[in-house]
Ligand SMILES: [Fe+2]
């Protein structure tokens, strides 16, 4: 969850974590609850990461990087496609034939996004911002991410906020997003 380091290091560690989860998904034979749990876990991680980027990283890109508005808009469009896939996945049964193509689409989208950020966006931001500003941004991102539990089935599901994340109603993607943005706190 919180890794330490400046904003770019923090976000790159998230990227490695997501890749590791994708590796576990690909290594998995059969579907069922084990696949469901892993898909839910990667969903929460991706939502948490996306919201942190949207709230803190992209505003900094708009402010400090030349042509930043265009870059930030492109990243937001990437996130929109990823979130759309996550919403389809949350409605798809782990044993459904659609599961595998959807997961592969998700992995393709996410790895393109990760490459784009690490090869283009992050180096630009590193150039444009002071190291203090990036450190401060790292702290803010860690605080934002700490708002949501990491697992959909925590060992103590009766403790908030896990109980709210598990509550029926809105889908997992929306509930996770509400937690990270603070809308689910009341
Ligand atoms: Fe990212």
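Values in this text are rule-based calculations from the coordinates and carry no lab data. Quantities reported herein were computed from a predicted structural model and do not represent experimental measurements. Methodologically, a virtual Cβ is constructed for each residue, glycine included, from the backbone with ideal geometry; neighbour enumeration extends over all protein chains shown.
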Efficiency of FRET from Cβ geometry, residue 76 and residue 34, R₀ 30 Å, rounded to 0.05: 0.35
Inter-part distance where the stretch 3-35 and the stretch 37-73 are each reduced to a Cα centre, Å: 16
Gain upon complete extension [residue 174, residue 19; 0.36 nm per residue less C-alpha separation]: 53.6 nm
Cα pair distances in the stretch 1-142, grouped into 10 Å bins until the bin that holds the longest one, percent each: 11, 42, 29, 14, 3
Peptides ranked, highest mean first, by Cβ atoms within 10 Å: ranges 8-14, 92-98, 117-123: 8-14, 117-123, 92-98
Debye-sum result for the stretch 66-119 in log10 I(q)/I(0), which assumes one identical scatterer on each alpha carbon, at q = 0.12 Å⁻¹: -0.33
Stretchable slack from residue 91 to residue 115, in nm (0.36 nm times residue separation minus alpha-carbon distance): 5.8 nm
Gain upon complete extension [residue 181, residue 136; 0.36 nm per residue less C-alpha separation]: 14.4 nm
